[in-house]
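Visitor: I have a structure I would like to understand better, so I am pasting it below and will then ask my questions one at a time.
The values are calculated or read from the model by the stated rules, or taken from the named source; none is laboratory data. Note that the coordinates shown come from a computational prediction; the quantities given were computed from them, not determined experimentally. In this analysis, Cβ positions are derived from the backbone assuming ideal geometry, glycine residues included, and neighbour counts consider all displayed protein chains. The protein model used for the area step is the full one, side chains on, heavy atoms only, and it has no ligands, DNA or RNA in it. Shrake-Rupley method; radii C 1.70, N 1.55, O 1.52, S 1.80 Å.
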Amino acid sequence: MEIPSKYNPVEVEDKWYKYWMENKFFHSEPDEREPYTIVIPPPNVTGVLHMGHMLNNTIQDILTRRARMLGKNACWVPGTDHASIATEAKVVGKLKDQGISKFDLSRDEFLGHAWEWTHKHGGIILEQLKKLGASCDWDRTAFTMDEPRSVSVINVFVDLYNKGLIYRGVRMVNWDPAAKTALSDEEVIFKEVQSKLYYLKYKIEGSENEFVTIATTRPETILGDTAVCVNPNDPRFTHLKGKRVLVPLINRSIPIIEDEYVDMEFGTGCLKITPAHDVNDYEIGLRFNLPSIDIFNDDGTLSEKAGLFVGEDRMVVRDKIMPELEAAGNVAKVEDYTNKVGFSERTHVPIEPKLSAQWFLKMEELVKPALANVMDDTIMFHPPKFKNIYRHWMENIKDWCISRQLWWGHRIPVYYLADGGFVVAETDEKALALAKEKTGNAALTMADLHQDEDVLDTWFSSWLWPISVFDGVRDPENKEIQYYYPTNDLVTAPDIIFFWVARMIITGYEYRDQFPFKNVYFTGMVRDKLRRKMSKSLGNSPDPLDLIATYGADGVRVGMLLCSPAGGDLLFDESLPQQGAGFVTKIWNSFRLVNGWEVDNKIPQPEHSKLAIAWFREKFSQIVEQTDDHFDKFRISDALMSVYTTVRDEFSGWLLEMVKPAYQQPIDGKTYEELIDIFDEVLRFLHPFMPFVSEEIWQLLKERKQGESIMISAWPKSTGYDEDMISRFEDVKEAIAGLRTIRTKNNIPNKDQIELAVIPGDKGYASEFNPVLVKMGNLSAMNEVSEEVKLAASFLVKSTTFYVPLGATIDVEEELKKLQAELDYTKGFLASVMKKLSNERFVSSAPEAVVAIERAKQADAEAKIKVLEDQIASLK
């Protein structure tokens with residue numbers, strides 16, 4: 001077959017992905033094999049692929065493909081998340097563009113638009129993942145709002161309510177005025193902002209000129225003040241005990257109260273108390289039974305209760321109220337001030353603390369097994385540094401606000417009765433039956449019940465993901481959940497450790513009494529080379545599909561992992577996929593080289609080829625063992641580097657060069673056959689990282705049957721190795737490098753043969769590898785000698801000296817300069833070793849093996865110095 005001179009990724013990738021899908025290689029069913037299960041972190045249903053997805057899913061695919069090749073029944077479950085806030089915002093925006101307000105529609109009409117949007121845009125990201133080579137079991141694609149997942153979510157709510165863990169209460173919540181919904185603490189991002197600190201004067205009631213001064217960053221909230229608080233231990237304010245002050249502009253009379261919560265050192269030592277709009281003020285308000293005046297509407301405009309600026313946005317009022325306070329004589333001073341403000345993770349607007357009736361989940365008891373089993377490494381975090389962050393959050397957890405004032409999502413299964421009571425049930429039918437039982441009124445109909453308008457937090461569905469994708473909530477004993485659960489590995493970003501990872505662990509122990517996954521691998525953040533987070537607004541985030549079109553999926557996969565340690569940020573630069581694509585070309589050219597050789601089965605195998613193949617097999621076995629260890633420790637980038645350097649250096653750079661026949665000469669049949677078997681193993685070693693090029697070459701390497709694929713072949717096994725042989729062969733490689741340097745420095749073409757003389761030392765030379773030296777050095781003769789060779793260029797490998805006779809052409813001065821530089825370096829090295837060995841503390845406390853290594857370094861350096869000094873003396 002004619003092999004194209006250039007590898008065509010587009011053609012190859014489409015061809016093999018179709019082949020894998022047609023043969024159902026990604027599909028898994030429970031059987032007698034050991035399962036390997038991984039669930040995808042479900043991306044937003046209407047999202048598109050970004051660089052973070054690329055990194056995360058490349059790692060998942062590598063783990064899945066390798067597990068499959070290890071003979072495990074690999075099942076990688078894909079799916080998407082309904083993303084309540086994000087999706088509803090997009091649908092509201094689309095309707096707005098059409099001149100339609102959400103509130104002009106009924107709930108069902110709005111949901112019709114939302115489902116239409118989801119069907120149109122949903123799942124695009126999963127199709128994009130196929131371009132990356134993701135080997136997901138697409139037959140199992142799940143959606144957090146499909147029927148099995150939706151029923152599971154509702155069942156869990158009812159179950160937790162019946163266990164007394166879900167309750168309704170009026171609490172201070174994080175309110176998003178843009179999305180008009182409550183947020184959990186984890187959905188609030190605190191940012192440092194440049195603000196103003198306003199010092200405002202409140203007149204003491206009944207006095208002419210007496211004021212107290214408070215400091216606030218939010219002057220608009222004074223309209224909701226119901227007290228001023230001082231510390232009872234503050235001598236500056238003892239005279240104010242029992243007095244009242246007037247709120248500026250509206251002259252509401254409010255009490256001065258005392259509480260040790262007030263920091264005497266901050267601001268003026270006087271604190272305005274606005275129970276409806278500050279968490280700490282709310283707590284003080286409860287202690288002192290203060291009224292709570294909610295001055296904001298749900299959209300962040302001022303309400304009728306504010307009395308002033310009604311209907312105007314809170315941020316506008318902040319600017320408008322200051323001139324009025326100035327005119328009224330209520331401003332003492334204004335200072336620049338840096339503080340942290342909470343922003344909505346989704347809409348990016350400042351959140352508003354707000355009293356609201358919401359549904360909450362009690363967390364204190366639920367988290368205990370989830371915390372204990374991470375801290376004792378039953379569940380392993382990679383890297384382990386994230387355990388401390390996890391522990392801090394779990395030990396300080398608050399009840400989870402699980403209700404959201406949205407329509408898109410799982411509607412809360414609470415049904416209210418006319419008398420203000422309610423029932424909780426999975427379906428309308430069950431709710432009606434419960435209501436009849438509760439009221440004793442058999443004549444009740446569904447018209448008498450009203451279901452809660454709110455939906456559940458999106459994370460309340462995705463926290464069930466490892467269980468619900470196998471229908472383990474509805475049917476806890478089904479064969480799939482029994483076989484595939486617990487899953488093996490989770491690959492995710494650390495920014496959702498609380499949103500998702502912790503909560504999945506909680507449900508794992510609550511509903512299966514078992515961890516949901518054994519390992520959590522945290523990827524880093526993909527940043528640009530200036531360390532900025534990639535974002536559309538900065539214009540620094542390339543389109544992953546454009547990268548794949550330019551560099552091929554394999555090139556991009558390798559590029560993403562070349563500098564991506566677990567938990568460490570990846571500094572992305574387009575040179576990385578370019579390097580990955582260059583590696584693909586290297587492999588392709590190696591195949592073309594081998595494929596182009598003429599084979600002659602009559603000629604015997606040369607000794608150099610026999611030795612080269614024996615060495616590579618030992619070396620490859622060692623590398624496979626090291627790579628398996630990298631995988632066991634989740635050092636995925638290190639595993640890739642093992643594969644990368646093995647293929648580039650050991651296989652292409654050394655083995656192929658050693659066995660390559662002379663120009664226009666055939667290769668012997670035995671070497672060729674053994675080389676093809678080795679190439680087959682190398683491609684299998686490469687496959688999890690670079691699935692497409694490895695499949696293409698593997699299929700061309702030997703005759704294959706229909707239905708065969710590299711992805712269901714075996715991962716290479718380490719069968720033990722001769723460490724001494726590998727070490728001695730490194731000396732051979734060093735000698736070959738020495739010969740190449742002499743050729744370069746003396747302008748000796750590679751086609752011209754040279755002689756080599758050797759004075760063997762106790763290290764650095766093994767005569768059994770001479771055939772390799774003769775082949776790779778293009779030597780006409782090679783002899784062992786006992787004395788130094790005159791008029792020769794030389795080099796050392798450990799204590800062995802190699803000479804290449806040059807006759808009158810040798811540049812003695814240049815050779816002396818080279819030898820002197822090497823001598824100076826070796827003396828410096830010996831000095832550093834002796835410094836260690838002369839340190840009594842090091843010699844007495846370091847392990848015996850470590851000290852022995854340093855003594856060996858001393859002996860080698862001393863031997864090398866003697867040889868170098870003799871060589872220099874002979875040339876002078």
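Visitor: Per-residue ellipticity at 222 nm for the chain, helices alone: DSSP H runs ≥ 4 residues times -39500 (n - 2.57), over residue total, nearest 500 deg cm²/dmol?
Guide: On the way: 27 runs with 364 residues, N = 876.
After summing the helix terms and dividing by residue count, I get -13500 deg cm²/dmol.
Visitor: Next up: Quote the FRET efficiency, to the nearest 0.05, computed for LYS196 versus HIS239 with a Förster distance R0 of 35 Å and r equal to the Cβ-Cβ distance.
Guide: Result of the calculation: an efficiency of 0.70.
Visitor: I need the calculated FRET efficiency for the pair LYS705 and GLN665, taking r as the beta carbon distance and R₀ as 41 Å, to the nearest 0.05.
Guide: 0.80
Visitor: From the residues PRO749, ASN783, GLN128, which one has its Cα farthest along the dipole of the chain in the positive direction, the dipole being from +1 and -1 charges on Cβ of Lys/Arg and Asp/Glu about the Cα centre?
Guide: PRO749
Visitor: Let me ask you something else. Shape of segment 4-72 from its Cα gyration tensor (a ≥ b ≥ c, root eigenvalues): rounded if a/c is under 1.5, otherwise prolate when a/b > b/c, or oblate?
Guide: Oblate, since a/c reaches 1.5 and b/c is not below a/b.
Visitor: Looking at the chain, what % of its DSSP beta bridges pair antiparallel, to the nearest 5?
Guide: Details: 64 of 94 bridges.
Just about 70 percent of them are antiparallel.
Visitor: Toward the positive end of the charge dipole of segment 423-572, about the Cα centre and with charges on Cβ (Lys, Arg +1; Asp, Glu -1), which of GLY440, PHE572, ALA553 goes farthest?
Guide: PHE572
Visitor: Next up: What ³J(HN,Hα) values, in whole Hz, does the Karplus curve 6.51 cos²θ - 1.76 cosθ + 1.60 give for segment 277-291 when θ = phi - 60°, with x put for Gly and Pro?
Guide: Whole-Hz 3J(HN,Hα) from phi for segment 277-291: 9, 7, 4, 5, 4, 4, 4, 5, x, 5, 5, 9, 6, 7, x.
Visitor: Also, quick follow-up: How about segment 1-60: which trypsin sites (Lys or Arg not before Pro) there are in a DSSP loop, with at most 16 other Cβ atoms within 10 Å of their Cβ?
Guide: Working: sites: LYS6, LYS15, LYS18, LYS24, ARG33; in loops: LYS6, LYS24, ARG33.
Filter output for segment 1-60: LYS6, LYS24, ARG33.
Visitor: May I ask you to evaluate 6.51 cos²θ - 1.76 cosθ + 1.60, the Karplus curve with θ = phi - 60°, for each residue of segment 23-36 and list the ³J(HN,Hα) values in order in whole Hz, giving x for glycine and proline?
Guide: The phi angles translate into 8, 6, 5, 7, 7, 10, 10, x, 8, 7, 6, 6, x, 10 Hz.
Visitor: Determine, at each q value in 0.16 (inverse angstroms), the log₁₀ of I(q)/I(0) that the Debye formula gives when each Cα of segment 683-774 is one equal point scatterer.
Guide: Normalising to I(0) and taking log10 leaves -0.82.
Visitor: Turning to a different aspect of this structure: Would you please name the GluC sites (Glu not before Pro) within segment 1-74 that are DSSP coil residues with at most 10 other C-beta atoms within 10 Å of their C-beta?
Guide: On the way: sites: GLU2, GLU11, GLU13, GLU22, GLU32; in loops: GLU2, GLU32.
Qualifying residues, ordered by number: GLU2, GLU32.
Visitor: Here's something else I'd like to know. Bin by bin, in steps of 5 Å, what percent of the Cα pairs in segment 530-687 do you find, going until the bin that has the longest distance?
Guide: 2, 8, 16, 17, 16, 13, 10, 8, 5, 3, 2, 1, 0, 0
Visitor: Additional query: Distance check, please: which entries in LYS586/LYS705; LYS243/LYS305; LYS203/LYS305; LYS102/LYS196; LYS660/LYS763 exceed 31 angstrom between their Cα atoms?
Guide: Table pairs above 31 Å Cα-Cα are LYS102/LYS196.
Visitor: Between ASP811 and LYS836, how many nm apart are label points set 7 Å from Cα along the C-beta direction?
Guide: 3.6
Visitor: Let me ask you something else. Highest first, please rank the peptides 707-720, 226-239, 483-496 by the mean number of other Cβ atoms sitting within 10 Å of their residues.
Guide: Packing proxy ranking, top to bottom: 483-496, 226-239, 707-720.
Visitor: When a/c reaches 1.5 or more, the comparison of a/b and b/c decides; with that in mind, is the chain rounded, prolate or oblate per its Cα gyration tensor?
Guide: Values: a/c = 2.89, a/b = 1.85, b/c = 1.56.
Prolate, since a/c reaches 1.5 and a/b exceeds b/c.
Visitor: What is the distance in Å between the Cα centroid of segment 742-761 and that of segment 356-424?
Guide: Centre-to-centre (Cα) distance: 72 Å.
Visitor: From the P(r) of segment 33-172, could you give the percentage of C-alpha pairs in the tail past 23 Å?
Guide: Working: 5006 of 9730 pairs.
Of the Cα pairs, 51 percent sit more than 23 Å apart.
Visitor: Ranking request for peptides 678-690, 857-869, 264-276: highest mean number of other beta-carbon atoms within 10 Å first, then the rest in descending order.
Guide: 678-690, 264-276, 857-869
Visitor: Loop-only chymotrypsin sites (Phe, Trp or Tyr not before Pro) in segment 310-399, please: DSSP not H, G, I, E or B, and at most 14 other Cβ atoms within 10 Å. Intermediate results must be reported in sequence, preceding the final value.
Guide: Values: sites: TYR337, PHE343, TRP359, PHE360, PHE381, PHE386, TYR390, TRP393; in loops: none.
Listed in order of number, the matching sites amount to none.
Visitor: Roughly speaking, to the nearest percent, how much of the chain's 1.4 Å accessible area is carbon and sulfur?
Guide: Working: 19860 of 39260 Å².
Of all accessible area on the chain, carbon and sulfur atoms account for 51 percent.
Visitor: Calculate the dipole size of the chain relative to its Cα centre from +1 charges on Lys and Arg beta carbons and -1 charges on Asp and Glu beta carbons; express the result in debye to the nearest 20.
Guide: On the way: 103 positive and 134 negative charges, 219 e Å.
Taking the Cα centre of the chain as origin, the dipole is about 1040 debye.
Visitor: Here is a follow-up. Which of GLY596, LEU105, GLY79 sits closest to the plus end of the dipole of the chain, meaning its Cα is farthest towards the positive end, when Lys and Arg get +1 and Asp and Glu get -1 on the C-beta?
Guide: Going by the charge dipole, the pick is GLY596.
Visitor: Accessible area per residue of the chain at 1.4 Å probe, in Å²?
Guide: 45
Visitor: OK, next. Report the relative contact order of segment 140-267, percent, no decimals, based on alpha-carbon pairs under 8 angstrom and at least 6 residues apart.
Guide: That works out to 16 percent.
Visitor: Same structure, new question: What distance in nm separates the two pseudo spin-label positions at LYS340 and ALA178, each 7 Å out from Cα along the beta-carbon direction?
Guide: 2.1
Visitor: For a protection proxy built on the mean count of beta-carbon atoms within 10 angstrom, sort 600-607, 588-595 highest first, please.
Guide: Per-residue Cβ counts within 10 Å, averaged per peptide and sorted highest first, yield 588-595, 600-607.
Visitor: Under the definition of Cα pairs under 8 Å and six or more residues apart, what whole-number percent is the relative contact order of the chain?
Guide: On the way: 1470 pairs, mean separation 104.6, N = 876.
Relative contact order here is 12 percent.
Visitor: Taking the Cα centroid of segment 155-217 and of segment 320-338, what is the distance between the two, rounded to the nearest whole Å?
Guide: Segment 155-217 and segment 320-338 have Cα centres separated by 22 Å.
Visitor: Any chance you could run the full-extension gain for LYS717 through LEU111? It's 0.36 nm times the residue separation minus the Cα-Cα distance, nm to one decimal.
Guide: 212.8 nm
Visitor: Could you sort PHE499, PHE211 by their accessible area in this structure, using a 1.4 Å probe and putting the largest first?
Guide: PHE211, PHE499
Visitor: Place a label point 7 angstrom from the Cα of SER780 along the Cα-to-Cβ direction, then list the residues of segment 713-755 whose backbone nitrogen is under 15 Å away.
Guide: Correct set: 748-755.
Visitor: Just the accessible area for HIS113, please: 1.4 Å probe, Å², rounded to the nearest 10?
Guide: 40
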